[in-house]
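Q: Provided herewith is a single structure, encoded as structure tokens, for subsequent inquiry.
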Amino acid sequence: MNHVTRIVIIGGGPGGYEAALVAARLGAKVTVVDRGGVGGAAVLTDCVPSKTLIATADVMTTMQDAPELGVEVNGRGRCEPGVDLARVNDRVLALAARQSEDITEDLVKAGVEIVRGTGRLVADGGVARAVEVAAEDGSTLLCEADAVLLATGARPRELAAARPDGERILTWTQVYGLRELPQELIVVGSGVTGAEFAGAYQALGSQVTLVSSRDRVLPGEDQDAAAVLEEVFQRRGMRVLSRSRAASAVRDGDRVLVTLEDGRTVSGTHCLMAVGSLPNTEELGLEEAGVQTTPSGHIVVDRVSRTTASNVYAAGDCTGLLALASVAAMQGRIAVYHALGEAVWPINLKRVSANIFTSPEIATVGRTTFNAESDDPHFDVVKLPLDTNPRAKMLGFRDGFVKLYARPGSGTVLGGVIVAPRASELIHSVSMAVDMHLTVDQVASVFTVYPSLSGSVAEAARRLHRDERED
Ligand SMILES: Cc1cc2nc3c(=O)[nH]c(=O)nc-3n(C[C@H](O)[C@H](O)[C@H](O)COP(=O)(O)OP(=O)(O)OC[C@H]3O[C@@H](n4cnc5c(N)ncnc54)[C@H](O)[C@@H]3O)c2cc1C
């Protein structure tokens, strides 16, 4: 009799639920143990809610920029929209809940068992053989497993001197409880999450101060793109405090006082702390099962999602590979393919496309760490400002660019950065080129619509043709 492989997955976010669907389709008996809600933080508190909020912010930006195109509301040459944040947040939360229900439905249809509770590995002689689930009602359940996938995600990092109270000092998971727009919002942290929320609330109508410990917003991202965004932020009235590390945030009645390490203070009505995240890897029974973690608490995995313990895999933010839902899902799928003896391609981070949902958006794929001004001999780079594109001119888009990287000689496309409205959609052609090892000539030879923003991708590729490069 064939043995059906029993896979138990701790965590129902993208790292867990995508793996569960694939494993069930491949004939495994799959159990997903989750305590926070199917869809995970990605669907319920992080990715889906923030992008839904940003959808409203994008409409506001379009309306604020509309007078330039001749639109006027409320009188001559003015367009002054406003938001009802209670309705915006109700929509955000309803959409996230529906998304969670849809995923639950898909899992149930696929035959996946969903168990609500907190899971931990149970090791027998140093080998993980089951997952113990502590349910909210105090009961426990033992789920035996041939393979376990840990996909427990991460949570916002909190500073001892800036404890969120859920009302005025907030983490990004708490902002959807707000019923009124913060008048003066201080965002601490200028990484992707801080930048996205700062831009969104500025567009919604808050007066935003962004506290950045670095020289520029978005440290670690493409510097040309970060420069564009910082300029746009400031032009729209945001106060950006660079080289300013927050030491504390303290509530004082209806206000919050943020004190910087150099003693300066910033006062606002609300403060959003976006200072990174911590992996949910405590109390999972990792040590007893022989699962190693890094000093930061992330689970050590190889490129096929194996941990240091046999038959225990890990995927997503708990591994710290790259905190993206798409990467979590890919790691999870790879884990179950491997566990079930299917053919598997190790994860390749050089092909990941990612997007920062600011206005303009910043989308990247492949090789992007080199600045356009860099004369690194291993890369050819071209950067086309967006305002040279006819469609962008018609739409009133000024800020942004298309940047392509190619291998000298062969002209193989290595990566790209697109800074533009809806860059997340435009990057796909570059992602295809990187993934399929296309050359700049092949990309340039594809018809693009005239006029279109994607025309700039083809034009950048054309400029990278050996004979047409300026240098
Ligand atoms: C504000 C914000 C916006 C983001 N936007 C994007 C975006 O636009 N695009 C993108 O690709 N990525 C985005 N990300 C990143 C993305 O949300 C994460 O990479 C993704 O959630 C990781 O998925 P995961 O499955 O590892 O974990 P999660 O989605 O965090 O899910 C983990 C689940 O495990 C559960 N769990 C934890 N411990 C246990 C336990 N012991 N027992 C049972 N259950 C447990 C949790 O309750 C949770 O339900 C964003 C992140 C943030 C913070």
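Q: Compute the distance from the alpha-carbon center of the stretch 398-454 to that of the stretch 214-241, in whole Å.
A: 24 Å
Q: Pull out the extension gain between residue 398 and residue 247, defined as 0.36 nm times the separation in residues minus the alpha carbon to alpha carbon distance; nm, one decimal.
A: Full extension from residue 398 to residue 247 adds 50.7 nm.
Q: Just how much of residue 104 is accessible, in Å², when a 1.4 Å probe is used and the result is rounded to the nearest 10?
A: My reading of the accessible area for residue 104 is about 40 Å².
Q: Please list 29, 383, 350, 403 from largest to smallest accessible area, probe radius 1.4 Å, with all protein chains kept in place.
A: 350, 29, 383, 403
Q: While we're looking at this one, here's another question. Along Cα→Cβ, 7 Å out, is where each label goes; now give me the distance between the ones at residue 255 and residue 116 in nm to one decimal.
A: 4.4 nm
Q: How much accessible surface area, in Å² rounded to 10, belongs to the heavy atoms of residue 245 with a 1.4 Å probe?
A: Its heavy atoms expose roughly 120 Å² to the probe.
Q: Would you mind getting me the FRET efficiency between residue 129 and residue 26? Use the beta-carbon distance for r and R0 = 35 Å, nearest 0.05.
A: 0.95
Q: If you don't mind, there's one more thing I want to ask. Contact order normalised by length for the chain, with contacts defined as Cα pairs under 8 Å and 6 or more residues apart; what percent is it?
A: Working: 1056 pairs, mean separation 66.3, N = 471.
The normalised contact order for the chain reaches 14 percent.
Q: Rounded if a/c is under 1.5, else prolate if a/b is larger than b/c, else oblate: which is the chain, with a ≥ b ≥ c the root eigenvalues of its Cα gyration tensor?
A: oblate
Q: Full-extension gain between residue 4 and residue 436, please, as 0.36 nm times their residue separation minus the C-alpha to C-alpha distance.
A: My answer for the length gained is 151.9 nm.
Q: Mind counting lysine pairs for me in the chain? Cα separation below 19 Å, and the two need to be 8 or more apart along the chain or on different chains.
A: Working: 29/109; 350/403; 383/393; 383/403; 393/403.
For the chain, the number of qualifying lysine pairs is 5.
Q: Sticking with this structure for a sec: About its Cα centre, how strong a charge dipole does the stretch 298-449 have in debye, to the nearest 20, once Lys and Arg get +1 and Asp and Glu get -1 at the Cβ?
A: Roughly 180 debye, rounded to the nearest 20.
Q: If you don't mind, there's one more thing I want to ask. Modelled label-to-label distance, residue 282 and residue 300, 7 Å Cα→beta-carbon offset: nm?
A: Here the answer is 2.2 nm between the modelled labels.
Q: Taking H as built 1.01 Å from N, whose amide H comes closer than 5 Å to the amide H of residue 208, not counting residues under 5 places away?
A: 185, 239
Q: At 222 nm, what value in deg cm²/dmol follows for the chain if DSSP H runs of at least 4 each add -39500 (n - 2.57) and the sum is divided by all its residues, to the nearest 500?
A: -9000 deg cm²/dmol
Q: Moving to a separate point now. What is the stretch 1-104 by shape, rounded, prolate or oblate, if you read a ≥ b ≥ c off the alpha carbon gyration tensor as root eigenvalues and call it rounded for a/c under 1.5, prolate for a/b larger than b/c, and oblate otherwise?
A: Values: a/c = 5.53, a/b = 3.50, b/c = 1.58.
Cα axes put the stretch 1-104 in the prolate bin.
Q: Determine which residues of the stretch 123-142 fall in the zone a paramagnetic label at residue 292 would reach in this model, i.e. backbone nitrogen under 18 Å from the point 7 Å along Cα→Cβ.
A: 126-128
Q: Which order do 252, 224, 65, 58 take by accessible area at a 1.4 Å probe, largest first?
A: Working: 252 115, 224 20, 65 75, 58 40 Å².
Largest accessible area first, the residues go 252, 65, 58, 224.
Q: Quick check on packing: order 319-326, 352-359, 292-299 by the mean number of other C-beta atoms within 10 Å, highest mean leading.
A: Final packing ranking: 352-359, 319-326, 292-299.
Q: Any idea how far the Cα center of the stretch 70-124 sits from the one of the stretch 1-56, in Å?
A: Cα centres, the stretch 70-124 to the stretch 1-56: 16 Å.
Q: Still on this structure: Using amide H atoms built in the peptide plane, which far-off residues or other-chain residues are under 5 Å from residue 149 H to H?
A: 8, 9, 10, 313
Q: OK, next. Would you mind getting the accessible area per residue of the chain, heavy atoms of the protein chains only, 1.4 Å probe, in Å²?
A: Values: 22290 Å² over 471 residues.
Accessible area per residue, the chain: 47 Å².
Q: From the square roots a ≥ b ≥ c of the eigenvalues of the alpha-carbon gyration tensor of the stretch 320-471, which class results: rounded (a/c under 1.5), prolate (a/b over b/c), or oblate? The partial results should precede the final answer.
A: Details: a/c = 2.06, a/b = 1.51, b/c = 1.36.
Taking the square roots of the gyration eigenvalues as a ≥ b ≥ c, the stretch 320-471 is prolate.
Q: Arrange the residues 167, 18 by how much accessible surface each exposes, largest first, with a 1.4 angstrom probe.
A: 167, 18
Q: Sequence-distant or interchain residues sharing an amide H contact under 5 Å with residue 414, placed H: which?
A: Here 405, 406, 407 satisfy the definition.
Q: Treat each spin label as a single point 7 Å out from the Cα along the C-beta direction, and report the residue 158 to residue 55 distance in nm.
A: For the pair residue 158/residue 55, the computed spacing is 3.1 nm.
Q: In addition: I'd like the accessible area for residue 313: 1.4 Å probe, protein heavy atoms, all chains in place, Å² to the nearest 10.
A: Here the residue's solvent-accessible area equals roughly 20 Å².
Q: How much of the DSSP bridge set in the chain is antiparallel, in percent, rounded to the nearest 5?
A: 60 percent
Q: By how many nm would the segment from residue 446 to residue 106 lengthen if fully extended, with 0.36 nm per residue of separation less the alpha-carbon distance?
A: Roughly 118.6 nm would be gained on extension.
Q: Take the alpha carbon atoms of the stretch 137-169, find their center, do the same for the stretch 262-329, and report the distance between the two centers in whole angstrom.
A: 11 Å
The values are calculated or read from the model by the stated rules, or taken from the named source; none is laboratory data. Since the model is a prediction, treat every value here as computed from it, not as a measurement. Cβ: placed from backbone, ideal geometry, glycine included. Neighbour counts: every protein chain shown. Heads up: the accessible areas ignore ligands, DNA and RNA and are worked out on the full protein's heavy atoms, side chains in. Shrake-Rupley method; radii C 1.70, N 1.55, O 1.52, S 1.80 Å.
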